[in-house]
Protein chains: 6
Amino acid sequence: MKLAGYQDRFENARLTRSKSGVLEVALHTNGEILVFNGHTHEQFVDLFHEIGSDTENRVVILTGTGSAFMETICPEGFDFFTPRGYDKIYREGKKILMNILDIEVPMIAAINGPVRLHSEYILLCDIVLATPTTVFQDKPHLESGLVPGDGVNILWPEIIGSVRGRYFLLTRQELPSETAKDWGIVNEILPAGKLLPRAREIAEQLATLPPLTTHYTRVALTQKLRRIIDEGVGYGLALEGISAADVARANRKDP
Amino acid sequence: MKLAGYQDRFENARLTRSKSGVLEVALHTNGEILVFNGHTHEQFVDLFHEIGSDTENRVVILTGTGSAFMETICPEGFDFFTPRGYDKIYREGKKILMNILDIEVPMIAAINGPVRLHSEYILLCDIVLATPTTVFQDKPHLESGLVPGDGVNILWPEIIGSVRGRYFLLTRQELPSETAKDWGIVNEILPAGKLLPRAREIAEQLATLPPLTTHYTRVALTQKLRRIIDEGVGYGLALEGISAADVARANRKDP
Amino acid sequence: MKLAGYQDRFENARLTRSKSGVLEVALHTNGEILVFNGHTHEQFVDLFHEIGSDTENRVVILTGTGSAFMETICPEGFDFFTPRGYDKIYREGKKILMNILDIEVPMIAAINGPVRLHSEYILLCDIVLATPTTVFQDKPHLESGLVPGDGVNILWPEIIGSVRGRYFLLTRQELPSETAKDWGIVNEILPAGKLLPRAREIAEQLATLPPLTTHYTRVALTQKLRRIIDEGVGYGLALEGISAADVARANRKDP
Amino acid sequence: MKLAGYQDRFENARLTRSKSGVLEVALHTNGEILVFNGHTHEQFVDLFHEIGSDTENRVVILTGTGSAFMETICPEGFDFFTPRGYDKIYREGKKILMNILDIEVPMIAAINGPVRLHSEYILLCDIVLATPTTVFQDKPHLESGLVPGDGVNILWPEIIGSVRGRYFLLTRQELPSETAKDWGIVNEILPAGKLLPRAREIAEQLATLPPLTTHYTRVALTQKLRRIIDEGVGYGLALEGISAADVARANRKDP
Amino acid sequence: MKLAGYQDRFENARLTRSKSGVLEVALHTNGEILVFNGHTHEQFVDLFHEIGSDTENRVVILTGTGSAFMETICPEGFDFFTPRGYDKIYREGKKILMNILDIEVPMIAAINGPVRLHSEYILLCDIVLATPTTVFQDKPHLESGLVPGDGVNILWPEIIGSVRGRYFLLTRQELPSETAKDWGIVNEILPAGKLLPRAREIAEQLATLPPLTTHYTRVALTQKLRRIIDEGVGYGLALEGISAADVARANRKDP
Amino acid sequence: MKLAGYQDRFENARLTRSKSGVLEVALHTNGEILVFNGHTHEQFVDLFHEIGSDTENRVVILTGTGSAFMETICPEGFDFFTPRGYDKIYREGKKILMNILDIEVPMIAAINGPVRLHSEYILLCDIVLATPTTVFQDKPHLESGLVPGDGVNILWPEIIGSVRGRYFLLTRQELPSETAKDWGIVNEILPAGKLLPRAREIAEQLATLPPLTTHYTRVALTQKLRRIIDEGVGYGLALEGISAADVARANRKDP
């Protein structure tokens, strides 16, 4: 589908594209920091699917809005606690990650501040730029008593090392941008005002390459990620779902 | 089996458990630094099996005793040099690692000093705390002319990187705790007196999570380790065994 | 085959072997810095095959000549732009890497200066020593509009981390030796004059181990690399080939 | 999307759904036997995507129209012979198979006659019913000099056995329905008039199961197929593409 | 542990061992046909563990008692419908299969009649003998609305072919022994009176081989089964558990 | 290398090539039935390597001489019973199978009679024709007390099914050609006099295809076999070697 067909369809993503095909995707809630909820979860399945289906997108920049990339989650639109309610989360959770990987052009994450959930979206990008205020954490899962099974369980140990990754998730560790750079999940740290300009500079450079080249380079560079995501995310989400059912049950009994 | 059933069965491991289910496993020989030999090898198969089978264990802390975690190996109880003698080592070696992975609750290693053999036990833990005196090395294998094939061959390159891991094993490199932290196999360095307190603090925090959550989080975080251990340790140990037979033969001829 | 049978057969590799079986392989063009072209590509398939087939090689040192390891590529002898021409590159590209892995003794890379192409040869070595002037880059692929699909796409993300590896290739980043050491692809940095002496020192030490031990240790340490290379390089090279055909076509139309 | 939103969108697929959620998909060209071409290839990506996205589909029956399931291919809408033209086929070819696997409900193939191309669509179904006139063959690939790389290379050896599968493809063997049943790719042979009634009978029975049960059963039964398709189809299609470029080149020179 | 230590510990398995080390395991309930329930599920984890740990077992024969191998399941001792109740099934279900594979000597199944549940135990045996009355079916899963996720989902498609295996499970197909032999899951069909004699004959022959040979042959022949079980059973069981929770919930609402 | 360079180098293989590039490889001992020994084992590594390296070979036919394909093994040239002696077998065993898979053109086995050892060579061919006198068996391994670990342990269960394959090896079952055809390892049974003519007919037909097409089709059809061989044969051979050492030791003590 052409950009015009989907550009205005997503309430939580502002899409703009340069002449050379660099698509900028800014996540937001009413033009401010994104608040993640069940509706954005559903919407992002489709968002990444459309981006991946449009061959006129030559490079993609993923960014946030305001002072954080993604920091708060709100229960609206989620039903974590019944099997069928959770099934929707399971379906969407699997599809979001595969749909990001189906965007077969270089992806640049331009992280404008804290990332306290769904950091796995960023780890699937090929290039990660961040501001000094950026902090990584996997906060809501264990805080709500849920298994961190939506892909963070696979990608963090894969990318920062198995022992570091397991510690990060189990202790809800906060990683400042400098540490994140030392550990290889951030490539460059830039002042807020230079974040998008630098992302665009890299993107425009990549957009000068022949289209098959950028396309196949993304494929050649993400083959392993596809496999580990496809193999492991369904299982992780199923375990997360059972833990949610258990939490729900405990709550029902609580009073 | 309940803790009472196995608590006093292991000559080389002191087991204590907090009210909330944090099991502390302190390896030792007569209350001092553990001396690894054929009997401990056999015993640890069973030790980790029992720990993993007892669902009342909510978090496990693995530590040593005295000034080292594991530093010396003694030939007693091992028969490395006949096919059937080595077969016992092969069987036990495979089982120890799978039994550690079958402990499906968070595991914290609290390293109280040098680790010069069986460092792979530690790399299978989810959180690694160490003292400043901790040093990692894979010493006895090449020293005795044996292939380092018992799992270190898989886990070190996996966790510190392929080139670093191969160098570490081939040169019998010593990694001080600071380097180990830089390379992502130690999460925190603590003075000796704070090692266990900190391990317990983290453990007790994890023990407040719902039991299915900690259980499934361990599963979700170790899926890849299970696969690479199950695929690779049998082969590594078989090659180590052939190298042992060759060394034995050379020795027979020597004089 | 005995060394004498292949020692003088390779125009671009000087081979010498110590009494204890340490084979030194110095790549060169007329005794100077190697210029990579289609003939060296073809020749290296055979070179690594012979080295791997000769069981008298106990340890292998791979080095360059002059002020760079490998810096320039010259189109001579390559036909990147027809399907059958590219097929030769595809065949050879797959074999070179598997033939390096079929050298089942410890391999030490002694990097004497910049490596701007075929850095994957080095990443398959077990120990990597480098001079301060060493710089890593994957330059010619994207410069010529080609997919970096010859193995660098697999090995860089594997060894320095997925996000770092993808950035490195997509931005043609230059990694000075210090960064390379920090990121785990160089084990030691040595002044030019000490590079080969140190490589030989390590090699001679390894050569004192029993032959089956060094042989099986290499096998035990490279099992994973074999799998990821065997699975991924053919596909990467096929994609690179299609990108080459596209570049060729664009060029034909250009004027 | 609800059925009404996509039911009439596909020129080559008639969609009807029973009250209980059994979706019947009849492929056709103007109400007659389907003639496969570049437009159907493009269309089927979307067709299977929509079916998989609509959670009201509880079971899917895939069938053909007239006396054959799929027998002829027509070059219209395909550009096999330029890199960018082929790239479209490569993209679509990968997506079609993954989109079929993303239909996470039981799929029943009701084969109404010969299948001489794209038999892999059928092998991804869970239940296969066929008429006595059904014949399986992989005809157009080698007939046109192209590598059979679109998934048949993976699925036939997987399902009928490696030696049988390779022979089948290399010799363009014709498998009558009885042999297909003996070899395990057809479950039941039925007279033409009973084909759809039987498919519906099984489908309606499955539709009485709880929706999560049929959903997760499909997932549990196709995990391996997802992996082998995801790993192998891109590579197979890339090789097919290079063979197409070679054929094109040979043809250009022919006269 | 020596046989004497566990021989009389299992209420539902009669164990006898010949002088040469052939262990016969006859499953039963009070000396009659086994009735599977939550207690047998728990017991079998331990049963197979003990058998696998006793190196004096040289070959194992697994059989049933009376006119069926395993035909009926009874809810006693199972709590399928709460997360924590199901967790016990999930833990045990994973362990039973791995414990069977940890029996690293040849296993012979001597099937004395219908197998309508847990047929996966048999498929993990190396040799399968059956009586003419033997019938295979996976009955209780879909009958109770549960996902067949305990390993049958992996092993049936693996062994009888993907399309056959999926049909078998989805339609609760009954496979008579002759079909089972044609499809490669039964090696020999024998009259009831000759079943055990023939099993013993083969077993005693195998027991004459050197112990390392039978041990390593089992390992070499089951490497792939270990991997697919370890990778897939946890996920299958997690999905089955969610389907159970959904069934429970539907039941709660029913009246 | 050109055919002339290696055609007369192999004492146990007669090589002839048709104009169209169909290479016929007839294994023999002095022009009669091949007797397998340590020298042929060594020689075949090289034989298959040369065949695979010569791009003028367009299709390969592998056959035997006289009344059997391979029936007897003779200890000459083998040292199964010392670690270093066995190491040679281990090295060669691994290389032979990978070298067969490195023959990247269609391979046709024309089986002229019993195959009682090294049947795995045949299972790596794409098309298998056999005479009525052909019988398959894996005889010498268990007969000599050795683990059948040279690849038969992987390929038989893969191709005829896991239960059938394990039974076949453990009981040294004899498979007549008809059963072999039923089980999918023989494609056609032909009278002795028509065996080679039919092989040549198929081969010549394949040789009319464009060279890249046959080349890439072989690659696309054997990707999975490469992986399972590369992963499993080293381990299987290591286990076989330990069993050989054990047999040797038992023999040393025997008198």
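Structure values in brief
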{"quantity": "Segment A:202-227: number of residues that are more than 8 Å from every other protein chain (Cβ to nearest Cβ), within 27 Å of C:T179 (Cα to Cα) and aliphatic (A, V, I, L, M)", "calculated": "1"}
{"quantity": "A:T29 modelled with pLDDT of 95 or more, surrounded by fewer than 19 Cβ atoms within 10 Å (Cβ to Cβ) and under 17 Å from the mean Cα position of the chain (by Cα)", "calculated": "yes"}
{"quantity": "Condition met for A:G193 (in a helix (DSSP H, G or I) and more than 9 Å from every other protein chain (Cβ to nearest Cβ))", "calculated": "yes"}
{"quantity": "Filtered residue count, segment B:47-86, keeping only those that are farther than 30 Å from E:Y90 by Cβ and either free of Cβ contacts under 8 Å to residues at least 12 places away in the same chain or surrounded by fewer than 18 Cβ atoms within 10 Å (Cβ to Cβ) (or both)", "calculated": "12"}
{"quantity": "Given (1) more than 18 Å from the chain's Cα centre (by Cα); (2) in a helix (DSSP H, G or I); (3) over 26 Å from E:K94 (Cβ atoms), index of the condition E:A220 fails", "calculated": "(3)"}
{"quantity": "Inter-residue pairs, beta-carbon under 9 Å, first more than 9 Å from chain E (Cβ to nearest Cβ) and in segment A:228-241, second assigned to a helix (DSSP H, G or I) and of a type in the set (D, E), 6+ apart", "calculated": "A:I228/A:E158; A:I229/A:E120; A:D230/D:D230; A:V233/A:E120"}
{"quantity": "Check on E:P148, in contact with a His (Cβ under 7 Å, 6 or more places away or on another chain) and more than 9 Å from chain F (Cβ to nearest Cβ)", "calculated": "yes"}
{"quantity": "Filter result for B:A199 (crowded, with 23+ Cβ neighbours inside 10 Å, more than 14 Å from chain F (Cβ to nearest Cβ) and touching a residue at least 40 places away in the same chain (Cβ under 8 Å))", "calculated": "yes"}
{"quantity": "Verdict on A:I73 being of a type in the set (A, V, I, L, M) and modelled with pLDDT under 95", "calculated": "yes"}
{"quantity": "Residue that is farthest from the chain's Cα centre (by Cα) [pool: residues in segment E:157-173 that are within 17 Å of D:T213 (Cβ to Cβ) and hydrophobic (A, V, I, L, M, F, W, C)]", "calculated": "E:L170"}
{"quantity": "Residue list for segment F:65-108, restricted to those being β-branched (V, I, T) and over 30 Å from F:G193 (Cα atoms)", "calculated": "F:T82, F:I89"}
{"quantity": "Qualifying positions in segment A:205-242 - closer than 16 Å to B:R227 by Cβ and of a type in the set (A, V, I, L, M, F, W, C)", "calculated": "A:I228, A:I229, A:V233"}
{"quantity": "Helices (runs of 4 or more DSSP H) contained entirely in segment A:147-188, each with at least 3 residues that are buried (at least 23 other Cβ atoms within 10 Å of the Cβ)", "calculated": "A:152-160, A:162-170"}
{"quantity": "Within segment C:164-190, tally of residues that are touching a residue at least 12 places away in the same chain (Cβ under 8 Å), within 12 Å of another protein chain (Cβ to nearest Cβ) and among the polar types (S, T, N, Q)", "calculated": "2"}
{"quantity": "Positions within segment C:75-97 being in a helix (DSSP H, G or I) and more than 21 Å from D:E240 (Cα to Cα), in sequence order", "calculated": "C:I96, C:L97"}
{"quantity": "Some residue of segment B:96-103 being of a type in the set (D, E), within 28 Å of E:K95 (Cα to Cα), within 9 Å of another protein chain (Cβ to nearest Cβ) and surrounded by fewer than 21 Cβ atoms within 10 Å (Cβ to Cβ)", "calculated": "yes"}
{"quantity": "Restricting segment F:104-144 to residues that are of a type in the set (S, T, N, Q) and more than 12 Å from chain D (Cβ to nearest Cβ), the residue that is surrounded by the fewest Cβ atoms within 10 Å (Cβ to Cβ)", "calculated": "F:S144"}
{"quantity": "Members of segment A:206-254 found to be surrounded by fewer than 22 Cβ atoms within 10 Å (Cβ to Cβ) and in contact with a strand residue (DSSP E or B) (Cβ under 6 Å, 6 or more places away or on another chain), listed by number", "calculated": "A:A207"}
{"quantity": "Matching residues in segment B:225-255 - criterion: being touching a helix residue (DSSP H, G or I) at 6+ places or on another chain (Cβ under 7 Å) and of a type in the set (K, R)", "calculated": "B:R226, B:R227, B:R249"}
{"quantity": "Matching residues in segment D:1-45 - criterion: being of a type in the set (S, T, N, Q) and more than 16 Å from D:T72 (Cα to Cα)", "calculated": "D:Q7, D:T16, D:S18, D:S20, D:Q43"}
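Residue by residue, here is whether (1) under 24 Å from C:T214 (Cβ atoms); (2) hydrophobic (A, V, I, L, M, F, W, C) holds:
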site: C:G31; (1), (2): no, no
site: C:D46; (1), (2): yes, no
site: C:E56; (1), (2): yes, no
site: C:L117; (1), (2): no, yes
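Each row is one residue, and each column tells you yes or no for (1) small (G, A, S); (2) closer than 19 Å to D:T217 by Cβ.
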{"residue": "D:T29", "(1), (2)": "no, no"}
{"residue": "D:G38", "(1), (2)": "yes, no"}
{"residue": "D:V45", "(1), (2)": "no, no"}
{"residue": "D:T63", "(1), (2)": "no, no"}
{"residue": "D:V105", "(1), (2)": "no, yes"}
{"residue": "D:I108", "(1), (2)": "no, yes"}
{"residue": "D:G113", "(1), (2)": "yes, no"}
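Conditions tested, residue by residue: (1) out of contact with any Leu (no Cβ under 6 Å at 6 or more places or on another chain); (2) part of a helix (DSSP H, G or I); (3) not basic (K, R).
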{"residue": "A:E204", "(1), (2), (3)": "yes, yes, yes"}
{"residue": "A:T213", "(1), (2), (3)": "yes, yes, yes"}
{"residue": "A:L239", "(1), (2), (3)": "yes, yes, yes"}
{"residue": "A:S243", "(1), (2), (3)": "no, yes, yes"}
{"residue": "A:R252", "(1), (2), (3)": "yes, yes, no"}
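The values are calculated or read from the model by the stated rules, or taken from the named source; none is laboratory data. It should be emphasised that the depicted structure is a prediction, and the values quoted were computed from it without experimental measurement. Cβ atoms come from the backbone with ideal geometry, glycine included; neighbour counts cover every protein chain shown.
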